[in-house]
Amino acid sequence: MAIRSISRITKGIATLEGAGFLVHRPFPSAGLSDFDPFLLFDEMGPTDVPPGEAKGAPDHPHRGFETVTYMLAGSFRHKDSQGHEGKLEPGDVQWMTAGRGVIHSEEPSQEFQRTGGTLHGVQLWVNLPKQDKMIRPHYQEIPRAKIPSAQTPEGRVSVRILAGESLGKQAVIETRTPILYLDFALQPGGKVVQLVPRDFNAFAYVIGGTAGFAGHPERIQRGNMVAFAKDGDEVSIEAGAENGSPARVFLVGGRPLNEPIARYGPFVMNTPREIEEAFEDYSSGRMGSIDF
Ligand code: FE
């Protein structure tokens, strides 16, 4: 067993998405086009939204990959061209396999629009292997209470397991390729060593407080993505006892697909021709529409 070292640290770039909501995006960026098998990671907010002013992403398509939305504060409602509708509350996860194509909207819920409040969440895009890009779209919607969680024996680190396995517990969400997606909460002085198979690409995103990673002399502040080298099969995360405040860290890993990527906006395929086909199918209505 060996602890992985850090290969790069990337700060999320502020970007406006959808109808104009603020996200911080460590990738894709000019310096990091993707992180195979991951295509995008966005932190939405945290933003304090006055009543009536929350913005979302009106009707838009996706093809060829999966969007994983994890709500942390506030609430979103989604609707799509498959006739599917649902609400995401804090702690809920929506794992949407767009496959051959869906059109959906992601908007603040009516209740949230009425009351306003803090909006905070993350969205991860997971690429699909070539043979799965045109599968039938489907959803895994897991409410907060059904996400498995575990604690270290001394109780200073807890984890919510969105995908993969941690501290002896297994996720309920199924993935098309091997993926790890963990949400660690660390009390001051808490430390955890997580198994991450050597062939996985893996990164951590500090979503709260500051965190330390083995071998790196400095604490990493919230809003930073830490990419790990493939020089080990474990990742070590800690919240220093010295700063007296807890840390929250997402750890995300997956086996790279090593396949060509052709992407344009909401379509991610293997060749430019397949991107043209996606546009043709979208503009001719073959991805459907939201009509309820
Ligand atoms: Fe979307």
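The values are calculated or read from the model by the stated rules, or taken from the named source; none is laboratory data. Note that the coordinates shown come from a computational prediction; the quantities given were computed from them, not determined experimentally. With ideal geometry, Cβ positions are generated from the backbone for all residues, glycine too; neighbour counts draw on all protein chains shown. Surface accessibility is based on the protein's heavy atoms, side chains included, excluding ligands, DNA and RNA. Shrake-Rupley method; radii C 1.70, N 1.55, O 1.52, S 1.80 Å.
Take the residues in the range 120-146 that are within 20 Å of Glu43 (Cα to Cα) and either within 16 Å of the ligand (Cβ to nearest atom) or aromatic (Phe, Trp, Tyr) (or both); name whichever of them is most open to solvent (accessible area, probe 1.4 Å).
Glu141
Given the criterion buried (at least 17 other Cβ atoms within 10 Å of the Cβ) and touching an Asp or Glu at 6+ places or on another chain (Cβ under 9 Å), identify the matching residue among Phe250, Phe292.
Values: Phe292 fails: buried (at least 17 other Cβ atoms within 10 Å of the Cβ).
Checking each option against the conditions leaves just Phe250.
Could we say that Ala227 is touching a Phe, Trp or Tyr at 6+ places or on another chain (Cβ under 6 Å), of a type in the set (Gly, Ala, Ser) and surrounded by fewer than 23 Cβ atoms within 10 Å (Cβ to Cβ) here? I'd like the intermediate steps shown before the answer.
On the way: touching a Phe, Trp or Tyr at 6+ places or on another chain (Cβ under 6 Å): yes; of a type in the set (Gly, Ala, Ser): yes; surrounded by fewer than 23 Cβ atoms within 10 Å (Cβ to Cβ): yes.
Taking the combined requirement at face value, the residue satisfies it.
Looking only at the range 208-224, filter to residues that are in contact (Cβ under 8 Å) with a residue 60 or more places away in the chain and buried (at least 22 other Cβ atoms within 10 Å of the Cβ); which one of those is nearest to Glu43 (Cα to Cα)?
Narrowing the range 208-224 to residues in contact (Cβ under 8 Å) with a residue 60 or more places away in the chain: 213-216, 220, 223-224.
In the following step, the residues that additionally are buried (at least 22 other Cβ atoms within 10 Å of the Cβ) were identified as 213, 220.
Values: Phe213: 21, Ile220: 16 Å.
Looking at residues that are in contact (Cβ under 8 Å) with a residue 60 or more places away in the chain and buried (at least 22 other Cβ atoms within 10 Å of the Cβ), I get Ile220.
Restrict the check to the range 12-32 and report whether at least one residue is open to solvent by 10 Å² or more (accessible area, probe 1.4 Å), within 13 Å of the ligand (Cβ to nearest atom) and within 15 Å of the chain's Cα centre (by Cα).
No, the range 12-32 contains no residue that is open to solvent by 10 Å² or more (accessible area, probe 1.4 Å), within 13 Å of the ligand (Cβ to nearest atom) and within 15 Å of the chain's Cα centre (by Cα).
Counting only residues that are open to solvent by 20 Å² or more (accessible area, probe 1.4 Å), in a strand (DSSP E or B), away from the ligand (no atom under 11 Å from the Cβ) and within 30 Å of Lys130 (Cβ to Cβ), how many does the range 56-89 have?
Residues meeting the conditions: 1.
From Ala227, Ala211, Ala247, Ala204, grab the single residue that is closer than 25 Å to Lys130 by Cβ and at pLDDT 95 or above. Can you show your working first?
Numbers: Ala211 fails: closer than 25 Å to Lys130 by Cβ; Ala247 fails: closer than 25 Å to Lys130 by Cβ; Ala204 fails: closer than 25 Å to Lys130 by Cβ.
Just a single option satisfies the conditions, and that option is Ala227.
Which residue out of Ser158, Ser166, Ser149 is closer than 30 Å to Glu242 by Cα, open to solvent by less than 10 Å² (accessible area, probe 1.4 Å), at pLDDT 95 or above and among the small types (Gly, Ala, Ser)? So that I can check it myself, show each step before the final result.
Working: Ser158 fails: open to solvent by less than 10 Å² (accessible area, probe 1.4 Å); Ser149 fails: open to solvent by less than 10 Å² (accessible area, probe 1.4 Å).
The unique qualifying residue is Ser166.
Of the residues that make up the range 228-249, is at least one among the hydrophobic types (A, V, I, L, M, F, W, C), more than 16 Å from the ligand (Cβ to nearest atom), closer than 15 Å to Thr10 by Cα and without any contact (Cβ under 8 Å) to a residue 60 or more places away in the chain?
Here is the first cut: in the range 228-249, the ones among the hydrophobic types (A, V, I, L, M, F, W, C) are 228-229, 235, 237, 239, 241, 247, 249.
Filter again for more than 16 Å from the ligand (Cβ to nearest atom), leaving 228-229, 235, 237, 239, 241, 247, 249.
This time we only want the ones that are closer than 15 Å to Thr10 by Cα, so: 228-229, 249.
From what is left, the residues that are without any contact (Cβ under 8 Å) to a residue 60 or more places away in the chain are none.
Within the range 228-249, none of the residues are among the hydrophobic types (A, V, I, L, M, F, W, C), more than 16 Å from the ligand (Cβ to nearest atom), closer than 15 Å to Thr10 by Cα and without any contact (Cβ under 8 Å) to a residue 60 or more places away in the chain.
Taking the conditions exactly as written (open to solvent by less than 10 Å² (accessible area, probe 1.4 Å) and away from the ligand (no atom under 16 Å from the Cβ)), does Pro37 satisfy them or not? Quick ask: steps written out before the conclusion?
On the way: open to solvent by less than 10 Å² (accessible area, probe 1.4 Å): yes; away from the ligand (no atom under 16 Å from the Cβ): yes.
Against the criterion (open to solvent by less than 10 Å² (accessible area, probe 1.4 Å) and away from the ligand (no atom under 16 Å from the Cβ)), Pro37 qualifies.
Collect the residues in the range 1-11 that are of a type in the set (A, V, I, L, M, F, W, C) and either surrounded by fewer than 15 Cβ atoms within 10 Å (Cβ to Cβ) or more than 23 Å from Leu195 (Cα to Cα) (or both), keeping them in residue-number order. Even if it seems obvious, please write down each step before you answer.
We begin by selecting, within the range 1-11, every residue of a type in the set (A, V, I, L, M, F, W, C); these are 1-3, 6, 9.
Correct list: Met1, Ala2.
Search the range 92-107 for residues being in contact with an Asp or Glu (Cβ under 9 Å, 6 or more places away or on another chain) and closer than 24 Å to Gly223 by Cα, and hand back the single one that is surrounded by the fewest Cβ atoms within 10 Å (Cβ to Cβ). Steps first, answer last, please.
Initially, the range 92-107 is screened for residues in contact with an Asp or Glu (Cβ under 9 Å, 6 or more places away or on another chain), giving 92-105.
Restricting the remaining residues to those that are closer than 24 Å to Gly223 by Cα gives 92-95.
Details: Asp92: 22, Val93: 24, Gln94: 20, Trp95: 23.
Among those residues, the one meeting the criterion is Gln94.
Suppose we filter the range 124-181 for residues that are outside any helix (DSSP H, G or I), charged (D, E, K, R) and under 20 Å from Gly254 (Cβ atoms); how many remain? Break it down stepwise before answering.
First, the residues of the range 124-181 that are outside any helix (DSSP H, G or I): 124-129, 133-143, 147-181.
From what's left, charged (D, E, K, R): 133, 136, 141, 154, 156, 160, 165, 169, 174, 176.
Within this subset, residues satisfying the condition of being under 20 Å from Gly254 (Cβ atoms) are 133, 160, 165, 169, 174, 176.
Total satisfying the criteria: 6.
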